[in-house]
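**Q** First, the structure itself, so that you have it in front of you.
Derivation of every value follows stated rules applied to the coordinates shown; laboratory data play no part. These numbers were taken from a predicted model, which means no experiment stands behind them. So basically every Cβ, Gly included, is an ideal-geometry build from the backbone, and we count neighbours across all protein chains shown.
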Amino acid sequence: MDSATAAAEISPAARLAAAEGLVAIGAQMHAAGWSRATSSNYSVRLSADPLRLLVTASGKHKDRLTTDDFVLIDESGGAVEPDALKSSAETMLHVVLARDAGAGAIVHTHSVWGTLLSDIHGPEGVVTLAGYEMLKALPGIKTHDTAVDIAIFPNTQDIDALAAELSDRLKAGDDAVRYGFLINKHGLYTWADQLDSARACVEALEFLFECEGRRLKL
């Protein structure tokens with residue numbers, strides 16, 4: 001199947017709806033202070049087989065995104081269409097999450113609290129969130145009387161190596177990458193089956209990171 005045929009299989013209406021949703025996410029994440037400058041990246045899975053993801057193009061201010069600022073990519077992380085914009089440098093992380101975690105939407109943020117907590121707890125490789133009511137906003141959690149571990153990966157610039165490690169941990173059923181993960185001094189990745197659910201996960205985890213950060217400060 002050539003790239004033109006593969007791209008044509010994606011409904012223009014579905015692609016536009018995904019792009020509009022991602023534009024809205026970008027505006028919200030920027031307004032919240034979680035996607036400043038040109039940081040962060042987001043994606044929506046448009047097809048599982050063959051894998052097709054609509055991913056933010058590199059170097060875009062997230063409060064100024066338009067529906068043209070996204071790239072359709074395949075399972076290799078490459079652009080499906082000719083003359084496409086360059087996708088995020090972290091595209092392969094999106095591919096791994098869509099493929100191995102079954103993510104329908106992925107949101108990556110660079111918040112102050114997530115960045116600081118990833119540094120403070122970096123040597124432990126995990127930050128634990130326990131006892132907060134907001135934990136119930138995460139899929140499958142029914143009570144505040146629980147604890148969730150969020151993995152922290154080193155801030156390597158070798159995205160292929162990071163993607164391979166993430167894939168291994170997802171396939172092994174590692175609970176610390178069930179809801180999201182942090183990259184040390186970098187930011188949060190989280191995901192869900194659809195964009196609205198991924199937004200809820202981001203909002204919940206960023207709230208919890210701020211609670212933890214303020215608790216340590218106090």
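**Q** Report, please, the projected area of the range 3-217 averaged over directions, based on the convex hull of its C-alpha atoms, in nm².
**A** For the Cα atoms of the range 3-217, the hull's average projected area reads 11.2 nm².
**Q** Next question. Between 77, 59, 187, find the one with the highest GNM mean-square fluctuation for the chain; connect C-alpha pairs within less than 10 Å.
**A** 59
**Q** Kindly state, to the nearest 0.05, the FRET efficiency for residue 134 paired with residue 83, given R0 = 30 Å and r defined as their beta-carbon distance.
**A** 0.10
**Q** Just want to confirm a number: the relative contact order over the chain, from Cα pairs under 8 angstrom separated by 6+ residues, in percent.
**A** 19
**Q** With labels modelled as points extended 7 Å from the Cα through the Cβ direction, what inter-label distance (nm, one decimal) is found for residue 27 paired with residue 194?
**A** Each label point lies 7 Å from its Cα, and together they span 2.0 nm.
**Q** Need the list of aspartates and glutamates near residue 86 for cross-linking: C-alpha distance under 20 angstrom, and skip anything on the same chain fewer than eight residues off.
**A** Output for residue 86: 2, 20, 63, 68, 69, 74, 75, 158, 160.
**Q** Could you sort 94-105, 29-40 so that the peptide with the highest average Cβ count within 10 Å comes first and the rest follow in order?
**A** Those peptides, ordered most packed to least, come out 94-105, 29-40.
**Q** Related question: Using a 7 Å offset from the Cα along the Cα-to-Cβ direction at both residue 20 and residue 143, what is the distance between the two label points in nm, to one decimal?
**A** So the two model labels end up 4.2 nm from each other.
**Q** Pick from 133, 75, 20: which is most flexible by mean-square fluctuation in a GNM of the chain where alpha carbon atoms under 10 Å apart are linked?
**A** 133
**Q** If I model a spin label as a point 7 Å beyond the Cα along the Cα-Cβ vector, how far apart are those points for residue 11 and residue 211 in nm?
**A** Result for the modelled spin labels: 3.8 nm.
**Q** Which FRET efficiency value, to the nearest 0.05, is calculated for residue 67 and residue 99 with the Förster distance at 25 angstrom and r the Cβ-Cβ distance?
**A** 0.50
**Q** Still on this structure, I have one more. Please go through the residue pairs 62/142; 185/217; 142/185 and name each one whose alpha carbons sit more than 28 Å apart in this structure.
**A** Over 28 Å apart, Cα to Cα: 62/142; 142/185.
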